[in-house]
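What follows is a single structure, written as C-alpha coordinates, with notes after it.
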Amino acid sequence: MAFNKRREYLFLYSVKDANPNGDPLNENHPRYDEDTQQAMVSDVRIKRTIRDEWVRKNVDNQHVFIDGEAKTLQKRFEELKTITQQTEGPKVMQECIDTRLFGVTFALGDKHFAWTGPVQFKWGRSLHAATFKFIQGTAAFATSETSQQRSFRNEYIVPFALMAVYGIANQYPSEITTATDIDLDIMREALWEGTNNLITRSKNEHKSRLLLEITYKENYKGKIGSLDERVKLTKHDGSELSSDQQKSLRSLREVQVQMKNLIESIVQKIDNIDEILLIKDADLLLPETKTPNQDTIIPGNIKVFKEKFGDKFKLELR
(Lines give C-alpha, C1' and ligand atoms only; values in the text may rest on other atoms or scores of the structure.)
Protein backbone atom coordinates (compact mmCIF):
# COMPACT_ATOMS: atom_id res chain seq x y z
CA MET A 1 0.00 0.00 0.00
CA ALA A 2 1.39 3.43 -0.99
CA PHE A 3 2.55 5.59 1.90
CA ASN A 4 0.26 8.47 2.88
CA LYS A 5 2.40 10.38 5.40
CA ARG A 6 4.84 12.97 4.10
CA ARG A 7 8.38 12.88 5.47
CA GLU A 8 11.26 15.37 5.51
CA TYR A 9 14.92 14.52 6.05
CA LEU A 10 18.12 16.21 7.15
CA PHE A 11 21.27 14.13 6.73
CA LEU A 12 24.75 15.19 7.86
CA TYR A 13 27.90 13.27 7.01
CA SER A 14 31.59 14.05 7.27
CA VAL A 15 34.27 13.69 4.61
CA LYS A 16 37.97 13.41 5.49
CA ASP A 17 40.77 13.54 2.89
CA ALA A 18 38.41 12.36 0.17
CA ASN A 19 36.38 13.57 -2.82
CA PRO A 20 32.66 13.95 -1.97
CA ASN A 21 31.54 14.24 -5.59
CA GLY A 22 33.98 14.70 -8.47
CA ASP A 23 33.06 16.69 -11.58
CA PRO A 24 34.11 14.67 -14.68
CA LEU A 25 34.06 17.84 -16.80
CA ASN A 26 36.54 19.54 -14.45
CA GLU A 27 39.27 16.89 -14.06
CA ASN A 28 37.20 15.25 -11.31
CA HIS A 29 37.68 18.30 -9.08
CA PRO A 30 35.28 18.15 -6.10
CA ARG A 31 32.09 20.00 -6.95
CA TYR A 32 31.94 23.33 -5.16
CA ASP A 33 30.40 26.79 -5.10
CA GLU A 34 33.03 29.25 -6.34
CA ASP A 35 31.54 32.15 -4.37
CA THR A 36 31.05 30.51 -0.96
CA GLN A 37 33.74 27.80 -1.28
CA GLN A 38 31.27 25.20 -0.02
CA ALA A 39 31.79 21.63 -1.19
CA MET A 40 28.76 20.30 -3.05
CA VAL A 41 27.26 16.89 -3.74
CA SER A 42 24.54 16.10 -6.28
CA ASP A 43 21.26 14.35 -5.57
CA VAL A 44 22.39 11.70 -8.08
CA ARG A 45 25.43 10.90 -5.91
CA ILE A 46 23.21 10.52 -2.83
CA LYS A 47 20.84 8.19 -4.67
CA ARG A 48 23.78 6.17 -5.95
CA THR A 49 25.01 5.68 -2.38
CA ILE A 50 21.59 4.31 -1.43
CA ARG A 51 21.33 2.09 -4.52
CA ASP A 52 24.82 0.67 -4.01
CA GLU A 53 23.89 -0.32 -0.47
CA TRP A 54 20.73 -2.06 -1.68
CA VAL A 55 22.72 -3.96 -4.30
CA ARG A 56 25.48 -4.84 -1.83
CA LYS A 57 23.15 -6.22 0.82
CA ASN A 58 20.35 -7.46 -1.46
CA VAL A 59 18.15 -6.11 1.32
CA ASP A 60 14.89 -8.00 1.78
CA ASN A 61 15.34 -9.38 -1.75
CA GLN A 62 14.47 -5.96 -3.19
CA HIS A 63 15.04 -5.54 -6.93
CA VAL A 64 17.09 -2.53 -8.04
CA PHE A 65 16.56 -1.21 -11.56
CA ILE A 66 19.84 0.74 -11.86
CA ASP A 67 22.20 -1.87 -10.44
CA GLY A 68 25.48 -0.18 -11.37
CA GLU A 69 26.43 -2.66 -14.09
CA ALA A 70 27.30 -1.49 -17.61
CA LYS A 71 24.42 -2.75 -19.72
CA THR A 72 21.70 -1.51 -22.04
CA LEU A 73 18.19 -0.64 -20.94
CA GLN A 74 16.93 -3.48 -23.15
CA LYS A 75 19.14 -6.04 -21.41
CA ARG A 76 18.26 -4.86 -17.91
CA PHE A 77 14.55 -4.81 -18.74
CA GLU A 78 14.72 -8.36 -20.07
CA GLU A 79 16.57 -9.48 -16.92
CA LEU A 80 13.91 -7.97 -14.68
CA LYS A 81 11.06 -9.40 -16.73
CA THR A 82 12.50 -12.86 -16.07
CA ILE A 83 13.10 -12.15 -12.38
CA THR A 84 9.75 -10.50 -11.63
CA GLN A 85 7.61 -12.56 -13.99
CA GLN A 86 6.08 -9.29 -15.22
CA THR A 87 5.97 -8.22 -18.87
CA GLU A 88 4.73 -4.62 -18.91
CA GLY A 89 7.11 -1.73 -18.25
CA PRO A 90 5.13 -0.08 -15.40
CA LYS A 91 4.60 -3.42 -13.66
CA VAL A 92 8.30 -4.26 -13.84
CA MET A 93 9.23 -0.81 -12.52
CA GLN A 94 6.84 -1.20 -9.60
CA GLU A 95 8.84 -4.26 -8.60
CA CYS A 96 12.02 -2.18 -8.21
CA ILE A 97 12.57 -0.21 -5.01
CA ASP A 98 14.68 2.52 -6.64
CA THR A 99 12.07 3.34 -9.30
CA ARG A 100 9.28 3.22 -6.73
CA LEU A 101 11.12 5.82 -4.63
CA PHE A 102 13.19 7.86 -7.08
CA GLY A 103 11.07 7.62 -10.24
CA VAL A 104 12.12 6.62 -13.74
CA THR A 105 12.17 7.72 -17.35
CA PHE A 106 11.47 4.63 -19.43
CA ALA A 107 11.87 4.71 -23.22
CA LEU A 108 12.22 1.42 -25.05
CA GLY A 109 10.89 1.20 -28.59
CA ASP A 110 7.27 2.32 -28.56
CA LYS A 111 7.06 1.84 -24.80
CA HIS A 112 7.74 5.03 -22.92
CA PHE A 113 6.58 6.66 -19.69
CA ALA A 114 8.02 8.83 -16.92
CA TRP A 115 7.42 8.85 -13.18
CA THR A 116 8.35 11.64 -10.81
CA GLY A 117 9.76 9.89 -7.77
CA PRO A 118 8.16 10.46 -4.36
CA VAL A 119 11.62 10.96 -2.82
CA GLN A 120 13.66 13.96 -3.92
CA PHE A 121 16.97 15.32 -2.58
CA LYS A 122 18.43 18.79 -2.91
CA TRP A 123 22.03 19.26 -3.87
CA GLY A 124 23.98 18.91 -0.66
CA ARG A 125 26.46 21.51 0.62
CA SER A 126 29.10 21.62 3.30
CA LEU A 127 28.03 23.63 6.34
CA HIS A 128 31.21 25.68 6.01
CA ALA A 129 33.74 26.95 3.49
CA ALA A 130 36.11 24.10 2.63
CA THR A 131 39.62 23.71 1.28
CA PHE A 132 40.39 21.77 -1.90
CA LYS A 133 43.82 20.15 -2.37
CA PHE A 134 45.52 18.96 -5.55
CA ILE A 135 47.61 15.85 -4.90
CA GLN A 136 50.14 14.38 -7.30
CA GLY A 137 51.82 11.02 -6.92
CA THR A 138 53.83 8.43 -8.80
CA ALA A 139 51.94 5.66 -10.55
CA ALA A 140 52.95 2.01 -10.45
CA PHE A 141 54.04 1.65 -14.08
CA ALA A 142 56.42 3.36 -16.49
CA THR A 143 55.19 5.54 -19.33
CA SER A 144 56.57 3.15 -21.98
CA GLU A 145 58.49 -0.13 -22.32
CA THR A 146 61.83 1.70 -22.77
CA SER A 147 61.26 4.46 -20.23
CA GLN A 148 62.58 4.44 -16.68
CA GLN A 149 60.20 7.25 -15.78
CA ARG A 150 57.00 6.23 -14.07
CA SER A 151 53.79 8.03 -14.97
CA PHE A 152 52.05 10.36 -12.55
CA ARG A 153 48.61 10.25 -11.02
CA ASN A 154 46.67 13.37 -10.13
CA GLU A 155 43.75 13.73 -7.78
CA TYR A 156 41.84 16.27 -5.73
CA ILE A 157 40.73 15.86 -2.14
CA VAL A 158 38.80 17.80 0.48
CA PRO A 159 40.77 17.69 3.78
CA PHE A 160 37.53 17.98 5.76
CA ALA A 161 33.88 18.79 5.12
CA LEU A 162 30.65 18.30 7.02
CA MET A 163 28.02 17.83 4.32
CA ALA A 164 24.30 18.58 4.77
CA VAL A 165 21.60 17.06 2.56
CA TYR A 166 17.86 17.80 2.55
CA GLY A 167 15.26 15.36 1.28
CA ILE A 168 11.49 14.99 1.13
CA ALA A 169 9.12 12.07 0.60
CA ASN A 170 5.93 13.24 -1.12
CA GLN A 171 2.98 10.91 -0.64
CA TYR A 172 1.13 11.81 -3.84
CA PRO A 173 3.51 10.33 -6.49
CA SER A 174 3.60 7.13 -4.43
CA GLU A 175 0.04 6.46 -5.58
CA ILE A 176 1.51 5.78 -9.04
CA THR A 177 4.87 4.25 -8.14
CA THR A 178 3.39 2.22 -5.20
CA ALA A 179 6.23 3.17 -2.82
CA THR A 180 5.42 2.11 0.75
CA ASP A 181 6.34 3.12 4.28
CA ILE A 182 8.53 0.02 4.42
CA ASP A 183 10.38 1.28 1.33
CA LEU A 184 11.04 4.59 3.09
CA ASP A 185 12.35 2.82 6.19
CA ILE A 186 14.66 0.69 4.04
CA MET A 187 15.88 3.82 2.24
CA ARG A 188 16.65 5.61 5.51
CA GLU A 189 18.83 2.74 6.70
CA ALA A 190 20.56 2.47 3.32
CA LEU A 191 21.40 6.18 3.39
CA TRP A 192 23.06 5.86 6.81
CA GLU A 193 24.78 2.51 6.28
CA GLY A 194 25.56 3.10 2.61
CA THR A 195 27.47 6.28 3.43
CA ASN A 196 29.54 4.41 6.00
CA ASN A 197 30.20 1.69 3.41
CA LEU A 198 31.63 4.05 0.78
CA ILE A 199 35.00 2.38 1.24
CA THR A 200 36.76 3.23 -2.00
CA ARG A 201 39.96 5.20 -2.50
CA SER A 202 38.16 8.45 -3.33
CA LYS A 203 35.25 7.94 -0.91
CA ASN A 204 36.97 6.45 2.13
CA GLU A 205 36.35 8.32 5.37
CA HIS A 206 32.76 9.22 4.58
CA LYS A 207 30.92 8.90 7.89
CA SER A 208 27.24 9.31 8.74
CA ARG A 209 26.83 11.78 11.61
CA LEU A 210 23.17 12.78 11.95
CA LEU A 211 19.88 11.86 10.31
CA LEU A 212 16.65 13.64 11.22
CA GLU A 213 13.38 12.27 9.87
CA ILE A 214 10.10 14.16 10.38
CA THR A 215 6.96 12.14 9.67
CA TYR A 216 3.80 14.20 9.31
CA LYS A 217 0.24 13.18 9.97
CA GLU A 218 -1.76 11.44 7.29
CA ASN A 219 -2.48 13.54 4.19
CA TYR A 220 -0.67 16.65 5.50
CA LYS A 221 0.33 18.70 2.44
CA GLY A 222 2.81 21.21 3.88
CA LYS A 223 6.53 21.14 4.57
CA ILE A 224 9.26 23.09 6.33
CA GLY A 225 11.68 22.85 3.43
CA SER A 226 15.46 23.26 3.21
CA LEU A 227 16.20 21.79 6.63
CA ASP A 228 19.89 21.95 5.72
CA GLU A 229 19.78 25.74 5.73
CA ARG A 230 18.44 25.82 9.31
CA VAL A 231 21.53 24.35 10.99
CA LYS A 232 25.03 25.82 11.25
CA LEU A 233 28.48 25.10 12.62
CA THR A 234 29.84 27.17 15.49
CA LYS A 235 32.75 27.06 17.90
CA HIS A 236 32.20 25.23 21.18
CA ASP A 237 31.29 28.49 22.89
CA GLY A 238 28.60 29.17 20.26
CA SER A 239 30.51 31.94 18.47
CA GLU A 240 30.78 32.22 14.69
CA LEU A 241 33.61 30.74 12.66
CA SER A 242 35.50 33.07 10.35
CA SER A 243 36.00 32.04 6.73
CA ASP A 244 39.63 31.13 7.42
CA GLN A 245 38.63 29.10 10.48
CA GLN A 246 36.04 27.24 8.42
CA LYS A 247 38.62 26.35 5.78
CA SER A 248 41.13 25.20 8.39
CA LEU A 249 38.73 22.69 10.01
CA ARG A 250 40.14 19.17 10.00
CA SER A 251 38.03 17.36 12.60
CA LEU A 252 34.40 17.12 13.67
CA ARG A 253 35.53 17.57 17.29
CA GLU A 254 36.57 21.17 16.56
CA VAL A 255 32.97 22.39 16.16
CA GLN A 256 29.39 21.88 17.27
CA VAL A 257 26.17 21.82 15.25
CA GLN A 258 23.67 24.49 16.26
CA MET A 259 20.05 23.43 15.57
CA LYS A 260 18.14 26.28 17.22
CA ASN A 261 16.57 27.64 14.01
CA LEU A 262 15.69 24.13 12.86
CA ILE A 263 13.93 23.28 16.12
CA GLU A 264 11.97 26.54 16.05
CA SER A 265 10.75 25.71 12.54
CA ILE A 266 9.74 22.20 13.57
CA VAL A 267 7.89 23.42 16.67
CA GLN A 268 5.71 25.59 14.42
CA LYS A 269 4.52 22.36 12.74
CA ILE A 270 4.00 20.41 15.96
CA ASP A 271 0.26 19.93 15.47
CA ASN A 272 0.87 18.34 12.07
CA ILE A 273 3.71 16.04 13.11
CA ASP A 274 3.23 12.36 13.83
CA GLU A 275 6.79 11.38 14.74
CA ILE A 276 10.38 12.68 14.81
CA LEU A 277 13.36 10.33 14.61
CA LEU A 278 16.88 11.58 15.31
CA ILE A 279 19.83 9.26 14.63
CA LYS A 280 23.11 10.65 15.96
CA ASP A 281 26.74 9.59 15.83
CA ALA A 282 28.61 9.92 19.12
CA ASP A 283 31.33 12.18 17.71
CA LEU A 284 28.94 14.88 16.51
CA LEU A 285 28.71 17.55 19.18
CA LEU A 286 25.58 19.55 19.91
CA PRO A 287 25.37 22.54 22.29
CA GLU A 288 25.77 21.58 25.96
CA THR A 289 27.61 18.38 25.08
CA LYS A 290 30.59 18.62 27.43
CA THR A 291 32.65 15.59 26.37
CA PRO A 292 32.11 12.69 23.97
CA ASN A 293 30.80 9.36 25.29
CA GLN A 294 29.01 10.86 28.32
CA ASP A 295 25.54 9.59 27.50
CA THR A 296 24.13 10.86 30.82
CA ILE A 297 24.62 14.45 29.64
CA ILE A 298 21.79 15.46 27.34
CA PRO A 299 22.76 17.98 24.64
CA GLY A 300 20.59 21.08 24.71
CA ASN A 301 19.06 20.48 21.27
CA ILE A 302 18.00 16.96 22.18
CA LYS A 303 16.60 18.17 25.50
CA VAL A 304 14.39 20.65 23.64
CA PHE A 305 13.17 17.91 21.29
CA LYS A 306 12.23 15.75 24.29
CA GLU A 307 10.48 18.61 26.07
CA LYS A 308 8.54 19.86 23.03
CA PHE A 309 7.59 16.57 21.38
CA GLY A 310 7.49 14.01 24.21
CA ASP A 311 6.54 10.56 22.95
CA LYS A 312 6.61 11.80 19.36
CA PHE A 313 10.41 12.07 19.58
CA LYS A 314 12.69 9.06 19.23
CA LEU A 315 16.47 9.13 19.60
CA GLU A 316 18.99 6.56 18.35
CA LEU A 317 22.67 6.87 19.24
CA ARG A 318 24.98 5.03 16.86
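Taking the dipole about the Cα centre of region 155-213, with the C-beta of Lys and Arg at +1 and of Asp and Glu at -1, give me whichever of W192, A179, S208 is farthest to the positive side. Towards the positive end, the residue furthest out is S208. Summed over qualifying helices (DSSP H, 4 residues or more, each -39500 (n - 2.57)) and divided by its residue number, the chain shows a 222 nm mean residue ellipticity of -7000 deg cm²/dmol.
Taking 25 Å as the limit for the C-alpha separation, the pairs K81/K217; K217/K308; K47/K247; K5/K314 exceed it in the case of K81/K217; K47/K247. Relative protection proxy for 110-120, 25-35, from highest mean packing down: 110-120, 25-35 (other beta-carbon atoms within 10 angstrom).
Amide H contacts for Y220 (H built 1.01 Å from N in the peptide plane; partners 5 or more residues away or on another chain; cut-off under 5 Å): R6.
Heavy atoms of the protein chains alone define the surface here; on that basis the chain has 51 Å² accessible area per residue at 1.4 Å probe size.
Packing, taken as the mean count of other beta carbons within 10 Å per residue, orders the peptides 247-259, 165-177 from highest to lowest as 165-177, 247-259. Couplings 3J(HN,Hα) for region 23-35, derived from phi with the Karplus relation 6.51 cos²θ - 1.76 cosθ + 1.60 (θ = phi - 60°), are 9, x, 8, 9, 6, 6, 4, x, 5, 7, 8, 4, 7 Hz, where x marks Gly and Pro. A viscosity of 0.692 mPa s and a temperature of 37 °C, combined with the Kirkwood radius over Cα pairs in Stokes-Einstein, give a translational diffusion coefficient for the chain of 153 µm²/s. Considering only K207, K16, K57, the mean-square fluctuation computed in a Gaussian network model of the chain, springs between alpha carbons under 10 angstrom, is largest for K57.
Once neighbouring chains are kept in place and the probe is 1.4 Å, which whole percent of the accessible area of region 143-276 is contributed by carbon and sulfur? Exposed carbon and sulfur together represent 45 percent of the surface.
Taking 4 °C and 1.567 mPa s as the conditions, I'd like the Stokes-Einstein D for region 93-138 in µm²/s, using the Kirkwood hydrodynamic radius from alpha carbon pairs. In µm²/s, the coefficient rounds to 90.
The values are calculated or read from the model by the stated rules, or taken from the named source; none is laboratory data. Just so you know, these numbers come straight off a predicted model, no measurement behind them. No Cβ is skipped: glycine too gets one built from the backbone with ideal geometry, and neighbour counts run over all protein chains shown. Side chains included, ligands, DNA and RNA excluded: accessible areas come from the protein's heavy atoms. Shrake-Rupley method; radii C 1.70, N 1.55, O 1.52, S 1.80 Å.
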